[in-house]
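The values are calculated or read from the model by the stated rules, or taken from the named source; none is laboratory data. Since the structure is predicted, the reported quantities are computational estimates derived from the model, not experimental observations. All Cβ positions, even for glycine, are placed from backbone atoms using ideal geometry, and neighbour counts span all protein chains on display.
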Amino acid sequence: MTTVGFVGLGNMGGPMAANLLGKGFTVKAFDLVSDLVAAVEGAEAADSAASAATEVDVFISMLPAGQHVRSLYIGSNDQPGVLDAMSPDTLIIDCSTIDPASSRAVAAAAAERGIQMLDAPVSGGTAGAQNGTLTFIVGGAAEALETARPVLEAMGANIFHAGDAGAGQIAKICNNMLLSVLMAGTAEALALGVDNGLDPAVLSDIMKVSSGGNWALNVYNPYPGVMDGVPASRGYEGGFLVDLMRKDLGLALQTAQATDSSVPMGALAHNLYQVLRQNHNAGRLDFSSIQWLYKPDLK
Ligand code: NAD
């Protein structure tokens, strides 16, 4: 039986660990907030991250940002990281969305100790984590991915190998940057149509099957009342938070700077989401609330 160490049992990690338990894996779990460990029924509570990382076949982390991942694995302020406690036979899977540089730095530090690591950020949000339908976008060695596959399949429906260490993070960042641009552009076009007397539902139907068709129009319309069951039709509650989109756009800008790449659309989207958060207090709302920037009267 495969034993999995799991650190970071927040909105995503908690349900992911629960799905592993549901598929028969043994889970040794640790979070700084002990109540979150207790909430995962059937998980063995570890008393530290290092203890969750020892005597396990696979070790998964699901943490907020690059600094948390670096300090978990490599350590900080004279605190050793878990790499020093781990067996070379343990495979690391970091599912956090973080900057590719941190991901590569941790993978290199692991490799120095003979430990294999995959970066495997996810797409699919908290609903995907709960339903076990996440998409894993994986960077690292192909044979390590084959070892990880049964564990990832217990938590997700789609698994992609993007390339070497850090490639999973880059693919995820590129996708979310494009998503933000598509969402902002869709909200802008709908607002222009409505300002000029069009029904947003009629305009959406036209654009969906025309050359402006895109994912936001097809399944995630940002204009209230056009589509049932999407955040726009429930006051932008639930869904993918503006704060998380801002974080991912910040990672896109950082990544672009490192390679001297031009991302003017991504930079504009980052600024738009910043204004949305500041002027409309929308950080904890769904990212389709960007519609408010174009139609503040909808609030
Ligand atoms: P979260 O803040 O709910 O959970 C993070 C958990 O990590 C917290 O419970 C925190 O206590 C714990 N933690 C932090 N440092 C720790 C440490 N050193 N040791 C042990 N535990 C520690 O965040 P989340 O929403 O679960 O997101 C996790 C990651 O997944 C982020 O990188 C996020 O960008 C990414 N992500 C989130 C979503 C989403 O919809 N929430 C979707 C896709 C990807």
**Request:** Please specify each residue of the range 158-186 satisfying the condition of being touching a Lys or Arg at 6+ places or on another chain (Cβ under 8 Å) and closer than 22 Å to ARG246 by Cα.
**Result:** GLY166
**Any hit, the range 2-17, residues being assigned to a strand (DSSP E or B), more than 19 Å from GLY132 (Cβ to Cβ) and in contact (Cβ under 8 Å) with a residue 60 or more places away in the chain** = yes
**Request:** Scan the range 117-137 and give yes if some residue there is away from the ligand (no atom under 16 Å from the Cβ), of a type outside the set (A, V, I, L, M, F, W, C) and crowded, with 16+ Cβ neighbours inside 10 Å, otherwise no.
**Result:** no
**Prompt:** Do you know which residues across the range 247-262 are closer than 30 Å to ASP228 by Cα and surrounded by fewer than 21 Cβ atoms within 10 Å (Cβ to Cβ)?
**Reply:** LYS247
**Request:** Kindly indicate the residue of the range 74-94 that is more than 10 Å from the ligand (Cβ to nearest atom) and assigned to a helix (DSSP H, G or I) and also nearest to GLU146 (Cα to Cα) among those meeting that condition.
**Result:** LEU83
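If you take just the helices (runs of 4 or more DSSP H) that sit entirely in the range 220-299, which of them hold at least 2 residues that are within 14 Å of the ligand (Cβ to nearest atom) and in contact (Cβ under 8 Å) with a residue 60 or more places away in the chain? Working first, answer last.
Working: elements: 242-259, 264-280, 291-294.
Here the list reads 242-259.
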**Request:** Return the pairs, sorted by first residue and then second, in which the second residue is surrounded by fewer than 15 Cβ atoms within 10 Å (Cβ to Cβ), the first residue lies in the range 65-92 and is farther than 16 Å from LYS28 by Cα, the beta carbons are less than 6 Å apart, and the residues are 6+ apart or on different chains.
**Result:** LEU83/ARG113; PRO88/GLY114
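Let's see how each residue does on (1) under 19 Å from the mean Cα position of the chain (by Cα); (2) among the hydrophobic types (A, V, I, L, M, F, W, C); (3) outside any helix (DSSP H, G or I):
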position	(1), (2), (3)
ALA127	yes, yes, no
ILE137	yes, yes, yes
ARG149	yes, no, no
ALA162	yes, yes, yes
ALA165	yes, yes, yes
ASN176	yes, no, no
THR186	no, no, no
ALA189	no, yes, no
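Rundown of residues vs (1) under 19 Å from CYS174 (Cα atoms); (2) touching a Gly at 6+ places or on another chain (Cβ under 9 Å); (3) not assigned by TED's automatic domain parsing to the domain that holds ASN11, yes/no style:
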residue	(1), (2), (3)
PRO200	no, yes, yes
ASN214	yes, yes, yes
SER233	no, yes, yes
GLU237	no, no, yes
THR255	yes, no, yes
GLY283	no, no, yes
LEU293	no, no, yes
**Prompt:** Restricting attention to the range 100-111, does a residue exist that is over 13 Å from the mean Cα position of the chain (by Cα) and not in a helix (DSSP H, G or I)?
**Reply:** no
**Item:** Odd one out for GLY197, checked against (1) surrounded by fewer than 18 Cβ atoms within 10 Å (Cβ to Cβ); (2) more than 17 Å from the chain's Cα centre (by Cα); (3) in a helix (DSSP H, G or I)
**Value:** (3)
**Item:** Single condition ASP205 does not satisfy, out of (1) more than 16 Å from the ligand (Cβ to nearest atom); (2) surrounded by 16 or more Cβ atoms within 10 Å (Cβ to Cβ); (3) assigned by TED's automatic domain parsing to the domain that holds TYR220
**Value:** (2)
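Determine, yes or no, whether ALA111 is without any contact (Cβ under 8 Å) to a residue 60 or more places away in the chain and out of contact with any Leu (no Cβ under 7 Å at 6 or more places or on another chain).
Values: without any contact (Cβ under 8 Å) to a residue 60 or more places away in the chain: yes; out of contact with any Leu (no Cβ under 7 Å at 6 or more places or on another chain): yes.
Yes, satisfied.
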**Request:** State which residue is farthest from the ligand (Cβ to nearest atom) when the search covers only the range 1-58 and only residues that are surrounded by fewer than 22 Cβ atoms within 10 Å (Cβ to Cβ) and acidic (Asp, Glu).
**Result:** ASP57
